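Accompanying notes for the structure given below.
The values are calculated or read from the model by the stated rules, or taken from the named source; none is laboratory data. Since this is a predicted model, take the numbers as computed values, not measurements. Cβ placement follows ideal geometry from the backbone for every residue including glycine, while neighbour counts extend to all protein chains displayed. The protein model used for the area step is the full one, side chains on, heavy atoms only, and it has no ligands, DNA or RNA in it. Shrake-Rupley method; radii C 1.70, N 1.55, O 1.52, S 1.80 Å.
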Protein chains: 2
Amino acid sequence: MTLFPIFLLTCGVAGAAGVLFKPGQWYRDLDKPVWTPPNWLFPLVWAVLYVLMALAATRVAALPGTQLALALWGLQITINTLWSGVFFGLHRLLTGAVIIAMLWLAVLATTLAFWTHDTVAALMMVPYLVWGTYALALNISVWLRNRHRTVAAH
Amino acid sequence: MTLFPIFLLTCGVAGAAGVLFKPGQWYRDLDKPVWTPPNWLFPLVWAVLYVLMALAATRVAALPGTQLALALWGLQITINTLWSGVFFGLHRLLTGAVIIAMLWLAVLATTLAFWTHDTVAALMMVPYLVWGTYALALNISVWLRNRHRTVAAH
């Protein structure tokens, strides 16, 4: 039995957090760097990354002795789910940056664990790692540019 | 190698959602049934449930062929992480009830999958299932008692 539907559903839960916690007027008003992507790009990128990470987990889950790799995959998707609410819901820019840093480490650990079982699965995680690096830089930049304003707003 | 630290850290991410999204004045003002537990009980219960579910996953992960069981465990902890923000952050009572219903189904599926590998691990999930049933009833009751007020408040 393929586990793809379960992994994709799990990614859907993380994606639901992104849909429920929307960037609104607050996000529009933030001081953002020129290399901030347009809003429409985020759901497209995440849809691709979610399908890729679900496919990668499916490949790994079909192999014996992959419990550690799957435990790490579960950790990263849980951190992924937490971020949207903290950033867009609570407007906590620094906490958001810390969560993305944790996410980046968890995705790196997952990718390395996948690499020991299946090269293709590890390669499928690389775009996620690249986007995570970019998202971390963006979140830190937005925090640095708005931290005084954010503190004042609380 | 025991996977307990990874599973407990994953539960910690779900617990962080509960800490970050606090019940505030909004929750105090909700019309709640008499069988609503006091606020201080929730973190205690969740601490016990998180340790139990991390121990259960650790036992199962040590056995061969438990990829499906671990995939389901990952699904349930992701849904668990989503709930706090939707209920306490967005104040969406009906969406919260739907998410707990999904969580309940995912916990049941995880418990049944654990049962096929390790009876003790399955029994360690039973308190979670019982509390989930209670939490679902509470969330539905709070939604029914406050839905007109909630709609008016939007």
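Taking the numbered list (1) among the aromatic types (Phe, Trp, Tyr); (2) within 16 Å of B:VAL45 (Cβ to Cβ); (3) open to solvent by 40 Å² or more (accessible area, probe 1.4 Å) in turn, B:TRP115 passes all entries but (2). All conditions but one from (1) under 17 Å from the mean Cα position of the chain (by Cα); (2) open to solvent by less than 40 Å² (accessible area, probe 1.4 Å) apply to B:ILE140; the one that does not is (2). When A:HIS91 is tested against (1) at pLDDT 95 or above; (2) assigned to a helix (DSSP H, G or I), exactly one condition is not met: (2). Inside the range B:53-107, residues that are within 7 Å of chain A (Cβ to nearest Cβ), more than 21 Å from A:VAL60 (Cβ to Cβ) and open to solvent by less than 20 Å² (accessible area, probe 1.4 Å) make up a count of 5. Considering B:PRO38, B:PRO23, B:PRO5, which residue is open to solvent by 30 Å² or more (accessible area, probe 1.4 Å), in a helix (DSSP H, G or I) and not aliphatic (A, V, I, L, M)? The conditions single out B:PRO5.
Within the range A:118-136, if we keep just the residues that are open to solvent by less than 20 Å² (accessible area, probe 1.4 Å) and more than 10 Å from the chain's Cα centre (by Cα), the residue that is farthest from A:PRO64 (Cα to Cα) turns out to be A:MET125.
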